[in-house]
Structures are given as C-alpha cells and as structure tokens.
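To start, the structure under review is shown below, and the notes come after it.
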Amino acid sequence: MSNQKQPPKPQDGPAVSFQADAKVSDIFFCQDGEYFGLVMVAGWPPDPSIDSPYLKFLDLVRGCFDEPDLTAKNSLSPLPAVYLYPSKFIHVTIATFAPPEKRGSTKDITDSHSEFQRTYLSLVQEASKLSNWPKDPIQLTVRSTQLGSKAGILLWDDTSGSIAKIRDCIRETAARHYLNIWGIPDIIHSTFLRFCQVPQTDGHTVQNRFQSKVIPQVHNVFQQPLTTNTVKLVIESTPYMHIPDDDRHVVHVWQLGDGSS
C-alpha cells in the first residue's frame, strides 16, 4: 500500500439529489452592492486561454441534463434550473473572511463592513511579509471534477505549492492576532455550476452521465496548466464573484513572482 498522502476530498461529494440555491437568482435580480462578502481569490478573472477548453467542458456538462433543465421556463422564471458560470467568473478561493450575505440597511452596519475590510486587509498585508509567503506564480493543473448536491466543481493541483503557502501565512497571522477566519478550503477548486431550481432530470441519470462522459474527458479538455501571478482581496458585492474586476471591488492585489505587492 502506498504511503503517499492523498489530496483532501470535497465535503459535497458526488450526489444524485440536488439543492436549489436562492443566491443564484440574486446574481441577476439584486443590485450590485446589496451583498457584502470579503474573499481572497486567485485566478480571477482567469487567463483567456481557459475560454476554449472551458466551453468544451461546459458542453460535456450540458449533456448530463435533459434540455428542460438547461432552458429558462418563462418570463417569470428567466433562469434555467442548471446555472453554468461564464468563464470570466470562475476563480479559486484562497480564504473567505466573510461569505456574501445581504447587507443591513443601517449606517452602523455599513461602517462595520468598512472596519472589517480594513482589519483583514491589514492581516493579509502582514501575512505577505512572512518568509514563507510564495515568490512563485501559482501553477494549476486539473486533477478531476465533481458534481455535488449544491455545486459542480473543477479540482486543481497547484504544482507550485503557492496556494498552500499563502493559506499557511494567513492562518499564522490570524492566530497571532486572535482573529477569526470564516473559512479556508482544504481543496483547490473552481465552481462552475449551481442550481437555480431542482433539476427535473433524474439524479442517478445525471450522475451516471457525469461519471461516464465528463470525468474521463477532463484531462483531455484541460491539457495546458493555468498560471496566475496575482492574488486579490475582493469585496463580493454580488454572490459568487459575479462582479467586475475594478477598483470598486478589488481591495488589493498581491503580485507573485516579482516580490512586489
């Protein structure tokens, strides 16, 4: 038996029943700014080189569902049950300091968001000065893909080890200052699918198609590694990073590869 350490597995494992997510509708029906979240991400927006393989991958995923689940029903329900992320919104979450939730209406809550943002910007600034903070760009190669009850994800391997180093530096700095971090994933992944409604397609059929038609092809589709030399602290003012890459949303950018920030 091999003693090689196996990579961690997603908590939301392969599923045959699926859950609707109200935040998917809010992507389109809430105004930008009605939500507040604070996340640190890599590979966002992704390099344009991912567009062609990603579109081929989504075509394979569409083949797992019957057509009614991929088509908006009517004007009152303008989104399909199965929502597939456009490529410009896929990303890798390094750490979540606050998950996206609807804002309160009072000034006090707005002020607390600003203070929260300053606190965690300072935390990451300090973490980036640690000796273990990576000097090399992040290099991602696809490992697999999975369709869980809540989301479909691409699983990556970071051959540079940079994401693990960044997460370790953030944990170390947070512990030093007794600051809580809402979540740091054990895995390296990009979400590509969520459910606006529960699909009509039988769940066993969906999963069987996914296992037989999508998973065996994922390495053929994503043949080239993805490289990114930036990580960003971002205000997630619309759920699931459906926001523009601009100064209003990006709090700070850290460069990897040239030692600057």
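The values are calculated or read from the model by the stated rules, or taken from the named source; none is laboratory data. For clarity, every value in this text was computed on a predicted model and none was experimentally measured. Note that we place each Cβ from the backbone using ideal geometry, even for glycine, and neighbour counts take in every protein chain shown. Surface accessibility is based on the protein's heavy atoms, side chains included, excluding ligands, DNA and RNA. Shrake-Rupley method; radii C 1.70, N 1.55, O 1.52, S 1.80 Å.
Select, from LYS107, LYS102, the only residue that is at pLDDT 85 or above and surrounded by fewer than 18 Cβ atoms within 10 Å (Cβ to Cβ). Residue meeting the stated conditions: LYS102. The residue pairs whose first member lies in the stretch 199-211 and is within 18 Å of ASP21 (Cβ to Cβ), whose second member is open to solvent by 50 Å² or more (accessible area, probe 1.4 Å), and whose beta carbons are closer than 6 Å, counting only pairs six or more residues apart or on different chains, are GLN200/PRO68; THR201/ASP66; GLY203/VAL16; GLY203/SER17. Do the conditions hold for VAL82, that is, is it touching a His at 6+ places or on another chain (Cβ under 8 Å) and either open to solvent by less than 30 Å² (accessible area, probe 1.4 Å) or at pLDDT 95 or above (or both)? Spelling it out, it is not the case that VAL82 is touching a His at 6+ places or on another chain (Cβ under 8 Å) and either open to solvent by less than 30 Å² (accessible area, probe 1.4 Å) or at pLDDT 95 or above (or both). Summed over the stretch 47-68, the residues that are in contact with a Leu (Cβ under 7 Å, 6 or more places away or on another chain) and either assigned to a loop (DSSP other than H, G, I, E, B) or among the basic types (Lys, Arg) (or both) give a count of 2.
Of the set (1) under 14 Å from the mean Cα position of the chain (by Cα); (2) assigned to a loop (DSSP other than H, G, I, E, B), all apply to VAL198 but (1).
Checking the structure you have, find out if any residue of the stretch 128-139 is touching a residue at least 40 places away in the same chain (Cβ under 8 Å), open to solvent by 60 Å² or more (accessible area, probe 1.4 Å) and in a helix (DSSP H, G or I). There is no residue in the stretch 128-139 that is touching a residue at least 40 places away in the same chain (Cβ under 8 Å), open to solvent by 60 Å² or more (accessible area, probe 1.4 Å) and in a helix (DSSP H, G or I). In the stretch 16-53, the qualifying residues are those that are surrounded by fewer than 21 Cβ atoms within 10 Å (Cβ to Cβ), touching a strand residue (DSSP E or B) at 6+ places or on another chain (Cβ under 8 Å) and not hydrophobic (A, V, I, L, M, F, W, C), and the one that is nearest to HIS91 (Cα to Cα) is PRO46.
Okay, residues lined up against (1) more than 26 Å from LEU55 (Cα to Cα); (2) buried (at least 20 other Cβ atoms within 10 Å of the Cβ); (3) not charged (D, E, K, R):
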position: LEU155; (1), (2), (3): no, no, yes
position: ASP168; (1), (2), (3): yes, no, no
position: ALA174; (1), (2), (3): yes, yes, yes
position: GLY183; (1), (2), (3): yes, no, yes
position: SER190; (1), (2), (3): no, yes, yes
position: GLN211; (1), (2), (3): no, no, yes
position: GLN223; (1), (2), (3): no, no, yes
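Scanning the stretch 142-164 for residues that are in a loop (DSSP other than H, G, I, E, B) and either within 27 Å of PHE210 (Cβ to Cβ) or touching a Leu at 6+ places or on another chain (Cβ under 6 Å) (or both) yields GLY148, SER149, LYS150, THR159.
For (1) touching a Phe, Trp or Tyr at 6+ places or on another chain (Cβ under 9 Å); (2) of a type in the set (A, V, I, L, M), each residue gets a yes or a no:
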| site | (1), (2) |
| --- | --- |
| PHE89 | yes, no |
| ILE94 | no, yes |
| PRO99 | yes, no |
| LYS102 | yes, no |
| HIS113 | yes, no |
| ARG118 | no, no |
| PRO137 | no, no |
| SER149 | yes, no |
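Residue by residue, here is whether (1) more than 17 Å from the chain's Cα centre (by Cα); (2) acidic (Asp, Glu); (3) part of a loop (DSSP other than H, G, I, E, B) holds:
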| residue | (1), (2), (3) |
| --- | --- |
| ASN220 | yes, no, no |
| GLN224 | yes, no, yes |
| THR227 | no, no, no |
| VAL231 | no, no, no |
| ILE243 | no, no, yes |
| ASP247 | yes, yes, yes |
| HIS252 | yes, no, no |
| GLY257 | yes, no, yes |
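Kindly indicate whether ARG167 is in contact with a Pro (Cβ under 9 Å, 6 or more places away or on another chain) and not in a loop (DSSP other than H, G, I, E, B). Reasoning before the result, please.
On the way: in contact with a Pro (Cβ under 9 Å, 6 or more places away or on another chain): yes; not in a loop (DSSP other than H, G, I, E, B): yes.
Against the criterion (in contact with a Pro (Cβ under 9 Å, 6 or more places away or on another chain) and not in a loop (DSSP other than H, G, I, E, B)), ARG167 qualifies.
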